[in-house]
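Below is one structure; the comments refer to it alone.
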Amino acid sequence: MLHDLFRVLVWAHLVTGAVGLVLFWVVGVFSRKGATPHKRWGLVFVYCMLFTGSMAVGMSTLTLVDPMATHPHFVQHPIFKDAALVRGLFGWMMQFLALLTISLAWHGWGAVRHKAHHAFNRRPLNVALQVVVIVTALNTAWQGIRLGQYVMLGLPVVGVASGVTNLWFAWQAAPKRFAYMIEHVKALVGAAISAYTAFLAFGLVRLMPDRVFSPVLWSIPLVVGLSIIIYHFTRFIRLRARQAPASAVVPT
């Protein structure tokens, strides 16, 4: 029963995740920013990330309850036959990545929705998501230390930084005009980085089990995502900021 429910969540997670990650390139990277197709399909991307992350929260919770019943193929696995390791990577770490994806998608969407009412970024749901991400990131780091899998320490640093900077933005009195666009790009690209990291890392278990804890492979989505953020910041956001009036500030 537990395994059947887990498989339903996995397939729902894979379908919406695949659609969202394709849309990330079509809409987020290559489309004209601000145009109607970008807004319409960008919203679909956000919905996909929220749903995909929610399914992953369910999957990770079931794994924490019974790691080997949800992953019976690991019973004879050369590395993951240890239930504690399955619980650490596919339970605690997947839960952290899922919540990071949800929080970034929600924050990035809110950054452009609430430009005229900045105080809405301090609503309880957005604040709670950032706090939960920080807590689960710290827990993932602790689990990595406890299991001796120190590759699990890298992503939690990103999670803590994400939660802290998102809260810092939310509590600013009056962000500058283009701070909202910076947050929008940073957060939604970050959501894609988190989702790609999960897909890559957990997919490696089946394809290359001996390389599953390689820091180089885990860092690929982060490096690509940071390159996209830097590109948009230098070629689009900074250019638009120079063109805008120096005194333009969005009210709270």
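Across the stretch 38-47, computed HN-Hα scalar couplings (Karplus, 6.51 cos²θ - 1.76 cosθ + 1.60, θ = phi - 60°) run 4, 5, 5, 6, x, 5, 4, 4, 4, 4 Hz from first to last residue, x flagging Gly and Pro.
Converting phi to 3J(HN,Hα) with the Karplus coefficients 6.51, -1.76 and 1.60 and the offset θ = phi - 60°, the stretch 152-157 yields 6, 8, x, 5, x, 4 Hz in sequence order, with x at every glycine or proline.
Laboratory data are not the source of any read-out in this text; all were calculated from the coordinates shown. If you're wondering where the values come from, they're calculated on a predicted model, not measured in any experiment.
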